[in-house]
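Right, one structure below, let's go through it.
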Amino acid sequence: MDLSYSPADEAFRAELRAWLEHHLPAGWGQPGFEMSAEERKAFNEGWPAKLFAGGWICATWPTEYGGKGLTTMQGVVLAEEFARLKAPLRADFFGDTLVGPTILQWGTEEQKKEFLPRILNGTMRWCQGFSEPNSGSDLASLKTTAVLDGDEWVINGQKVWTTGGHHADYCFLLTRTDPDAPKHKGISYLLVPMHQPGVEVRGITQPDGTAEFCEVFFTDARAPKDNVVGGVNNGWKVANSTLAFERGQSATTGHRRFEEEFRLLREQAEATGAIHDAGIRQRLMQYYTKVQILKINGLRNLTSALNGSQGGRRDTGTIALGATNKMFWSEMHQRAMELALDIWGAESMLIDAGLASGSWPGALRDKRRQGYPVSPMMSSFFFSRSETIWGGTSQIQRNIVGERVLGLPKEPQVG
Ligand SMILES: Cc1cc2nc3c(=O)[nH]c(=O)nc-3n(C[C@H](O)[C@H](O)[C@H](O)COP(=O)(O)OP(=O)(O)OC[C@H]3O[C@@H](n4cnc5c(N)ncnc54)[C@H](O)[C@@H]3O)c2cc1C
């Protein structure tokens, strides 16, 4: 593992620092910097256009499709500099991180020309239509169908837990296109417009007032025949590429939000005196150690990417790193948020204790229910419960490591 950066990468870092300093609001990142709800709203609305003008969204994509063609290391420096200042680097998570790279890998030339520019400039928002009421971990059992009718697919079925479905312009949808084929073989990956009469979206509101995900009903919805990515009935392979992108994010920056969280936990433990409790001290140090392991594993991930083992082919080492990393950080974070509750004590349960202000790394902002203003820390606690579920549960990651990496016998099928 070579931890040094080349002079060219350092020059690129300086260029980025100058850009960020010029474009972020004055005082950003300085102690005590705060934005009102209106200021944050205005910032969130204006920022994607600035990112786009700077060419920073998906900047590692090839120039022919609107990227900057950055090298992997330049992409790392870019992520590091934005993470250092906590400046958002995305227009739309599902577009930039999941379906965009999938279209780059599997899409036709026409699909790349049609969809990638609108992902890059942030004018097309996406949602992921994989899970169904009876098909989550066992995704290949999905029942939503698509049948060809002339030049269009006609889609019927229901998806669930569709994050951002109520804002999305398009859905990357897994559908069954050959009901007679074995379950992994008859699936296609379809790009479906959301704004049409055959698509009904119902938000699912949670106790803290957020309604991030939805149920989506397709009743004779339509999509152009040419919107299949990676070939008809080849959707399982294409979907696995998308899931690998989802699990393999932010090699060298993923630990940063946890470092910040550790700092906040320690600060509060010192303020309340909890730091003198032997159990709390142990758990704090366990958390710190795990964050360091996460950091080192990120560097291992980067090394394997630079050595070319994360190209199109997914070797067992890459699969093992992706799966262990996902279960490691999500389980670590749940323990950390349980520790947060113990440090704050009963105060963390009060909704009028002045806790509803401030910020917490990774917490959803400005979406809390009026009259039940849970603190950003509690919001992060709630969300941590979902982190061992989305993107493939911890149990499924263990099955992947056991069966595909270690070659252990397959678990018996029940039912
Ligand atoms: C915050 C959040 C956002 C999400 N966003 C999206 C989205 O945008 N689009 C989308 O398509 N989906 C989304 N999901 C859904 C997510 O992918 C599924 O919840 C997940 O795949 C698990 O499926 P399930 O909920 O049906 O649980 P199930 O598959 O029913 O699992 C229930 C329990 O059984 C365990 N289990 C199941 N099978 C096995 C097995 N073979 N071996 C051992 N244990 C097993 C699981 O680990 C789990 O603990 C989201 C989920 C969350 C929590």
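Every number here is computed from the coordinates shown, using simple stated rules; none is lab data. Here the structure is a predicted model, which is why all the values come from computation and not from measurement. Cβ coordinates were reconstructed from backbone atoms using ideal geometry, including for glycine residues, and neighbour counts include every protein chain displayed.
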> If you rank Asp180, Asp315 by fewest surrounding Cβ atoms within 10 Å, what's the result?
Replying inline: Asp180, Asp315
>> Placing +1 on the Cβ of each Lys and Arg and -1 on the Cβ of each Asp and Glu in the chain, which of Leu51, Val401, Pro7 has its Cα farthest towards the positive end of the resulting dipole?
In response: Val401
> For the peptides 69-82, 153-166, 393-406, 271-284, what is the packing order when you average, over each peptide's residues, the other Cβ atoms within 10 Å and list the highest mean first?
Replying inline: 153-166, 69-82, 393-406, 271-284
> Label Asp9 and Leu341 with points 7 Å out from Cα along Cα→Cβ: what is the distance between them in nm?
Replying inline: 4.1
>> Along the Cα→Cβ direction, 7 angstrom out, place labels at Arg202 and Arg17. What is the inter-label distance in nm?
In response: 5.4
> Using a Förster distance of 25 Å, how high is the FRET efficiency between Thr71 and Ala320, based on the Cβ-Cβ distance and rounded to 0.05?
Replying inline: 0.45
>> I'd like the Karplus ³J(HN,Hα) series for the range 67-72: coefficients 6.51, -1.76, 1.60, θ = phi - 60°, whole numbers in Hz, and an x wherever there's a Gly or Pro.
In response: x, 9, x, 5, 6, 4
> Can you give the angle from 0 to 90° between the axis of helix 37-54 and the longest principal axis of the chain, with both taken from C-alpha atoms, to the nearest 10?
Replying inline: 60
> Cα convex hull of the range 195-351: how many Å³ per residue?
Replying inline: 158
> Got a sec to turn the phi values of the range 384-396 into Karplus ³J(HN,Hα) couplings, 6.51 cos²θ - 1.76 cosθ + 1.60 with θ = phi - 60°, whole Hz, x for Gly and Pro?
Replying inline: 4, 5, 8, 6, 8, 10, 5, x, x, 5, 4, 4, 5
>> Suppose R0 equals 45 Å. What FRET efficiency, 1/(1 + (r/R0)^6) with r the Cβ-Cβ distance, do Thr123 and Ala278 give to the nearest 0.05?
In response: 0.25
> Taking the Cα centre of the range 1-137 as origin and charging only Cβ (+1 Lys, Arg; -1 Asp, Glu), how large is the dipole, in debye to the nearest 20?
Replying inline: 180
> Hey, fewest Cβ within 10 Å first, where do Tyr5, Tyr287, Tyr189 land in order?
Replying inline: Tyr5, Tyr287, Tyr189
>> Over 10 Å intervals from 0, what percent of Cα-Cα pairs in the chain sits in each interval?
In response: 4, 19, 30, 29, 15, 3, 0, 0
> Listing His195, His255 from the residue with the fewest other Cβ atoms within 10 Å to the one with the most, what is the order?
Replying inline: His195, His255
>> What would the Debye equation give as log₁₀ I(q)/I(0) for the range 1-116 at q = 0.13, 0.15 Å⁻¹, counting only Cα atoms as equal point scatterers?
In response: -0.59, -0.76
> Expressed in nm to one decimal, what extension gain is obtained for the pair Asp2 and Ser359 from 0.36 nm per residue of sequence separation less their Cα-Cα distance?
Replying inline: 125.0 nm
>> Going through the cross-link list Lys326/Lys410; Lys50/Lys159; Lys183/Lys290; Lys41/Lys225; Lys112/Lys295, which pairs have a Cα-Cα distance over 31 Å in this structure?
In response: Lys50/Lys159; Lys183/Lys290; Lys41/Lys225; Lys112/Lys295
